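**Student:** Handing you this structure, nothing more for now.
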Amino acid sequence: GKKLGYTFNNRNFHNVSLGQGQEVVAEQALDLAAQEGHWVILQNIHLVAKWLSSLEKKLEQHSEGSHQDFRVFISAEPAPCPDSHIIPQGILENSIKITNEPPTGMHANLHKALDNFNQDTLEMCTRENEFKSILFALCYFHAVVAERRKFGPQGWNRSYPFNTGDLTISVNVLYNYLEASSKVPYDDLRYLFGEIMYGGHITDDWDRRLCKTYLEEFIKPEMLEGELFLAAGFPLPGNMDYNGYHQYIDDTLPPESPYLYGLHPNAEIGFLTQTSEKLFHVVLEMQPRDTSVGEGGVVTREETVKALLDEMLEKLMDEFNIAELMAKVEERTPYAVVAFQECERMNILTSEIKRSLQELDLGLKGELTMTSDMENLQNALFLDMVPESWIKKAYPSTASLGMWFADLLTRIKELETWTGDFSLPSSVWLAGFFNPQSFLTAIMQSTARKNGWPLDKMALQCDVTKKNREDFASPPREGAYVHGLFMEGARWDAQTGIITDARLKELTPAMPVIFIKAIPADKQDTRSMYPCPVYKTRQRGPTYVWTFNLKTRENPSKWVLAGVALLLQ
């Protein structure tokens, strides 16, 4: 632009910021510019959705017969969701598009966080040392919480819209508090940042704990004694000027890795694997759906589906006869009640599977008209995905159809064994339940009944044994042995009986059998314990089951930042 003589203060350059009735000004500028060969910049066109069709017509009108130097530049904010894509196709097709992506990685994010301030900011507080240290720690905290979401559910259970406003307001609060008090009010500051400024976005209790833990690690009295590390290999800098801090980031911040967030390198492997699996899935779904007869003995899509359907119908057992089972039980113990509930849920699921498969079978034979539900079922079977109508009646799972169905048969078998004589299995497969919470609650109920304790004053104690399920011949006198749990973010060291660092590439190592028994809540030992959330799947979030206290020699905050959890799959 400058080379050609177009500059901001020049008469041949029209800059219009839209919104507040500027559309008329924009139209006049376009007409003049098209005639004279001027340049026009239209900013924030996302604010004038209704006017965009007029703009499209205007540009089309000037596309012929206008001055050869005439140019139009348009800017808009990214749309929050696909429904808000309002720029007309005609404008998009005829333009050269440039996007400004948000920065990725800690390096770019930390620089960007610091860019919200300048040398004047750093000098505005009378308590210079404290203000600068906490401001830099806040910038690091801001970069970490924003960028951590790329690790999926191991990063945050849910995705939150943290923004630069959270950071700048926090710095204003910091300034006001430091100016007003003689001591640095660390607790108050952490509460304001963690529960209100950033915490205001957070809706999940475990995410709230994570946010709070970061602030406890980053903002504490040790920060003024030069003993604080924001990450391994990255100490909090001393007193510098504004450019000095930017230089410090370039010189000192280690290269991008999960360690900068307090996560184990496995977190990245897991997240990259899931991303690539998603990609392959999309590619698979896009392949042509030709159902005509295969050439040269190639099996058609319909033959594949038919074979799978027959096999599934053959393997599915009869439904549980609940009335018969109830007649067998003398005493309706809490465990028996759980067994009945599980059988009922299983019946609902298996009857839906049978119904939909038999219906599709008739459709494939031509005895029924194919409906969209049948089409969807056929596609799911062909693509090895669990059909939608089954998912609705099932338990959370991330498995493909083949593995899901094998898992379903195992679940049915476990239930059959248990309801054979209603004696508790020597070790219970906790993941085999629709509702694992109900089984864990039953442990508390049966102990409470036996000892005459009030149920609301009970808690579960988890002792991780050194053995596997095969090593147990009978259940314990009280409580239950459970198996089938995995740890993500760390591993269990059976020899020393504590949580320890994960081994590289072992993403979800299996746990030994866990002995779970009920105790009065006030007898709980909480020292050197990490309260570990248990989830049904790696999706975490809404699949939360319970909290198990696990022994740790290291500070529990380490495992909070590493996103350590137990999984039932």
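The values are calculated or read from the model by the stated rules, or taken from the named source; none is laboratory data. What you see is a predicted model, and the numbers here were worked out from it, not measured in a lab. Because the Cβ atoms are built from the backbone with ideal geometry, glycine has one as well, and the counts that use them run over all protein chains shown. Please note that ligands, DNA and RNA were not included when accessible areas were found on the heavy atoms of the full protein model with its side chains. Shrake-Rupley method; radii C 1.70, N 1.55, O 1.52, S 1.80 Å.
**Student:** Please specify each residue of the stretch 198-233 satisfying the condition of being within 13 Å of I134 (Cβ to Cβ) and under 23 Å from the mean Cα position of the chain (by Cα).
**Tutor:** First, pick out the residues of the stretch 198-233 that are within 13 Å of I134 (Cβ to Cβ): 215, 218-224, 228, 230.
Residue satisfying the conditions is L215 alone.
**Student:** Residue check: is G366 surrounded by fewer than 17 Cβ atoms within 10 Å (Cβ to Cβ) and on the phi > 0 side of the Ramachandran plot?
**Tutor:** Working: surrounded by fewer than 17 Cβ atoms within 10 Å (Cβ to Cβ): yes; on the phi > 0 side of the Ramachandran plot: yes.
Taking the combined requirement at face value, the residue satisfies it.
**Student:** For residues in the stretch 497-517 being more than 22 Å from V428 (Cα to Cα) and touching a residue at least 24 places away in the same chain (Cβ under 8 Å), which is surrounded by the fewest Cβ atoms within 10 Å (Cβ to Cβ)? Let's see the steps before the verdict.
**Tutor:** So the first thing to find is which residues in the stretch 497-517 are more than 22 Å from V428 (Cα to Cα), and the list is 498-507.
From the residues that got through so far, the ones that are touching a residue at least 24 places away in the same chain (Cβ under 8 Å) too are 498-499, 501-502, 504-507.
Details: I498: 17, I499: 26, D501: 14, A502: 21, L504: 10, K505: 8, E506: 12, L507: 19.
Selected residue: K505.
**Student:** Only residues in the stretch 468-485 that are in contact (Cβ under 8 Å) with a residue 40 or more places away in the chain count as the first member; pair them with residues that are open to solvent by 20 Å² or more (accessible area, probe 1.4 Å) and of a type in the set (G, A, S), Cβ under 7 angstrom, at least 6 apart or cross-chain, and list the lot.
**Tutor:** Matching pairs, first to second residue: F472/S426; A473/S426; S474/S426; P475/S426; Y481/S426.
**Student:** Could you run through the stretch 541-555 and say how many residues are under 23 Å from the mean Cα position of the chain (by Cα) and under 14 Å from A490 (Cα atoms)?
**Tutor:** So the answer is 0.
**Student:** With the checklist (1) surrounded by 15 or more Cβ atoms within 10 Å (Cβ to Cβ); (2) within 27 Å of the chain's Cα centre (by Cα); (3) modelled with pLDDT of 85 or more in hand, flag the one item L279 doesn't pass.
**Tutor:** (1)
**Student:** Right, next: Condition check: surrounded by 15 or more Cβ atoms within 10 Å (Cβ to Cβ), more than 26 Å from the chain's Cα centre (by Cα) and within 29 Å of F515 (Cβ to Cβ). Does F434 satisfy that?
**Tutor:** On the way: surrounded by 15 or more Cβ atoms within 10 Å (Cβ to Cβ): yes; more than 26 Å from the chain's Cα centre (by Cα): no; within 29 Å of F515 (Cβ to Cβ): yes.
No.
**Student:** Given the conditions (1) buried (at least 20 other Cβ atoms within 10 Å of the Cβ); (2) more than 24 Å from P556 (Cβ to Cβ), report the number of the one that S181 does not fulfil.
**Tutor:** (1)
**Student:** Only strands (runs of 3 or more DSSP E) wholly contained in the stretch 7-110 count here; list those with 1 or more residues that are open to solvent by 40 Å² or more (accessible area, probe 1.4 Å) and of a type in the set (K, R). Reasoning before the result, please.
**Tutor:** Working: elements: 13-17, 39-43, 71-74.
In the stretch 7-110, 71-74 are the strands (runs of 3 or more DSSP E) which contain 1 or more residues that are open to solvent by 40 Å² or more (accessible area, probe 1.4 Å) and of a type in the set (K, R).
**Student:** Of the numbered conditions (1) surrounded by fewer than 17 Cβ atoms within 10 Å (Cβ to Cβ); (2) touching a His at 6+ places or on another chain (Cβ under 7 Å); (3) of a type in the set (V, I, T), I196 fails exactly one; give the number of that condition.
**Tutor:** For I196, the failing item is (2).
**Student:** Which residues, counting only those in the stretch 463-511, are within 20 Å of P258 (Cα to Cα), of a type in the set (S, T, Y) and in a strand (DSSP E or B)?
**Tutor:** We begin by selecting, within the stretch 463-511, every residue within 20 Å of P258 (Cα to Cα); these are 487-491, 499-509.
In the following step, the residues that additionally are of a type in the set (S, T, Y) were identified as 500, 508.
If the condition is that a residue be within 20 Å of P258 (Cα to Cα), of a type in the set (S, T, Y) and in a strand (DSSP E or B), then T500 is the only one that fits.
**Student:** Across the stretch 223-274, what is the number of residues that are among the small types (G, A, S) and open to solvent by less than 40 Å² (accessible area, probe 1.4 Å)?
**Tutor:** At the first step, the residues of the stretch 223-274 found to be among the small types (G, A, S) are 226, 231-233, 238, 244, 257, 262, 267, 270.
Subsequent filtering for residues that are open to solvent by less than 40 Å² (accessible area, probe 1.4 Å) retains 231, 244, 257, 262, 267, 270.
Selection size over the stretch 223-274: 6.
**Student:** A further question on this structure: Kindly evaluate D384 against the criterion of being part of a helix (DSSP H, G or I), under 25 Å from the mean Cα position of the chain (by Cα) and among the charged types (D, E, K, R).
**Tutor:** On the way: part of a helix (DSSP H, G or I): no; under 25 Å from the mean Cα position of the chain (by Cα): yes; among the charged types (D, E, K, R): yes.
The answer is no for D384.
**Student:** For the stretch 152-174, what are the residues that are assigned to a helix (DSSP H, G or I) and open to solvent by 10 Å² or more (accessible area, probe 1.4 Å)? Write out each step before concluding.
**Tutor:** Filtering the stretch 152-174 for residues assigned to a helix (DSSP H, G or I) gives 152-154, 164-174.
Residues satisfying the conditions are G152, P153, Q154, T164, G165, D166, T168, I169, N172, V173.
**Student:** Do we have N118 as in the same structural domain as F162 (by the TED database) and within 30 Å of N172 (Cα to Cα) here?
**Tutor:** Details: in the same structural domain as F162 (by the TED database): yes; within 30 Å of N172 (Cα to Cα): yes.
Criteria met by N118.
**Student:** Which condition breaks for A448 when tested against (1) out of contact with any Pro (no Cβ under 9 Å at 6 or more places or on another chain); (2) outside any loop (DSSP other than H, G, I, E, B)?
**Tutor:** All conditions are met except number (1).
**Student:** For the stretch 341-358, which positions are free of Cβ contacts under 8 Å to residues at least 60 places away in the same chain and surrounded by 17 or more Cβ atoms within 10 Å (Cβ to Cβ)? Step through it out loud before you land on a result.
**Tutor:** Kept after step one, since they are free of Cβ contacts under 8 Å to residues at least 60 places away in the same chain, are these residues of the stretch 341-358: 344, 347-349, 351-358.
Of everything in the stretch 341-358, those that are free of Cβ contacts under 8 Å to residues at least 60 places away in the same chain and surrounded by 17 or more Cβ atoms within 10 Å (Cβ to Cβ) turn out to be L349, I353, S356, L357.
**Student:** Still on this model: I'm checking my understanding of the structure. Among residues of the stretch 303-318 that are open to solvent by less than 90 Å² (accessible area, probe 1.4 Å) and part of a loop (DSSP other than H, G, I, E, B), which one is modelled with the highest pLDDT?
**Tutor:** Among those residues, the one meeting the criterion is L316.
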